[in-house]
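What follows is a short report on a single structure.
The values are calculated or read from the model by the stated rules, or taken from the named source; none is laboratory data. Since we're looking at a predicted model, the values are computed, not measured. Note: ideal-geometry Cβ built from the backbone for every residue, glycine included; neighbour counts use all protein chains shown. The area values use the complete protein model at the heavy-atom level, side chains included, leaving out ligands, DNA and RNA. Shrake-Rupley method; radii C 1.70, N 1.55, O 1.52, S 1.80 Å.
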Amino acid sequence: MALRHGFKATARRLALDVRAELGVDTFAPLDPYALADLYGIPVFDLSAPWLPTEAVRHFTGPAASAFSGALLATGTATVIVENHVHDDTRRRSTVAHEMAHVLLEHEFGVLVTDGTGCRPGPRPTSYSAVEQEATELSGELLVPCDAARAAAFRDWTDASVARHYRVSERLARWRMNVTGARRIACRTRAKRPHGLRYRSPAPAGGE
């Protein structure tokens, strides 16, 4: 299922607005936990004492890969629960994804993610459209389109992008591909006069 018309542009604008609220430059890493705090949404991990012991043992042991996090509505409040046994990049991606649902005001009761997207709790409603939107927005929050293109002009590898923005190489590769960053950089270089060097914006603290 394709994203609805105009959504990518909407996601870019929203991500830039959110970064401005946090005081985070386009070319700086975004802290998803600070974003959750800004919106008053507590983030718990599976060591929280109020979680069922057997479930915690299961999802931090043999089924650790099956549970990355959950967005829960508890009365009038919303909380995020993340799996603390995962590495930092996966945890950051999980929290950013769940916050994308919040920012987009998606309706939910319980949304559970295994790292490839959320799935609803007991309700049978299809969440494919809202999942794609949350994935797109969380990607924009973590590695904005303009940042990806600047990285391409500076010949950053996927590993360099991942290291700077504190994301996985898989996510970095996806953002570099989906934004067309390297393709745009190649076309621009091919069109400019010989010897003229393109100066891209320098990511803060970049390489």
Margin query: Condition check: surrounded by fewer than 17 Cβ atoms within 10 Å (Cβ to Cβ) and in contact (Cβ under 8 Å) with a residue 40 or more places away in the chain. Does S65 satisfy that?
Written below: yes
Check: How many residues are within 18 Å of D87 (Cβ to Cβ) and open to solvent by 10 Å² or more (accessible area, probe 1.4 Å) if we restrict to region 168-188?
Finding: 6
Notebook entry, point to check: Any idea which of V43, V24 is over 22 Å from H84 (Cβ atoms) and open to solvent by 30 Å² or more (accessible area, probe 1.4 Å)?
Noted result: V24
Item checked: One residue from S65, S47 being touching a helix residue (DSSP H, G or I) at 6+ places or on another chain (Cβ under 9 Å), modelled with pLDDT under 90 and among the hydroxyl-bearing types (S, T, Y) -> S47
Item checked: Filter result for the condition that a residue is touching a residue at least 60 places away in the same chain (Cβ under 8 Å), out of contact with any strand residue (DSSP E or B) (no Cβ under 8 Å at 6 or more places or on another chain), within 23 Å of S168 (Cα to Cα) and small (G, A, S), over A28, A36 -> A28
Next item on the list: Considering (1) within 22 Å of E140 (Cβ to Cβ); (2) touching a residue at least 12 places away in the same chain (Cβ under 8 Å); (3) open to solvent by 40 Å² or more (accessible area, probe 1.4 Å); (4) assigned to a loop (DSSP other than H, G, I, E, B), say which one K8 fails and leave the rest.
Entry: (4)
Check: Is there a residue in region 59-81 that is in a helix (DSSP H, G or I) and of a type in the set (S, T, N, Q)?
Finding: yes
Notebook entry, point to check: Going by the structure shown, is A15 buried (at least 20 other Cβ atoms within 10 Å of the Cβ) and either closer than 27 Å to V178 by Cβ or out of contact with any helix residue (DSSP H, G or I) (no Cβ under 7 Å at 6 or more places or on another chain) (or both)?
Noted result: yes
Note to self: I need the full set of residues from region 172-183 which are touching a helix residue (DSSP H, G or I) at 6+ places or on another chain (Cβ under 6 Å) and among the aliphatic types (A, V, I, L, M), in order please.
What the structure shows: A172, M176, A181
Next item on the list: Tell me, please, whether a residue that is in contact (Cβ under 8 Å) with a residue 40 or more places away in the chain, in contact with a Gly (Cβ under 9 Å, 6 or more places away or on another chain) and either open to solvent by less than 40 Å² (accessible area, probe 1.4 Å) or under 27 Å from L14 (Cβ atoms) (or both) can be found in region 71-91.
Entry: yes
Notebook entry, point to check: For A148, all conditions in the list (1) open to solvent by less than 40 Å² (accessible area, probe 1.4 Å); (2) free of Cβ contacts under 8 Å to residues at least 40 places away in the same chain; (3) over 18 Å from R19 (Cβ atoms) hold save one; what is the number of the exception?
Noted result: (3)
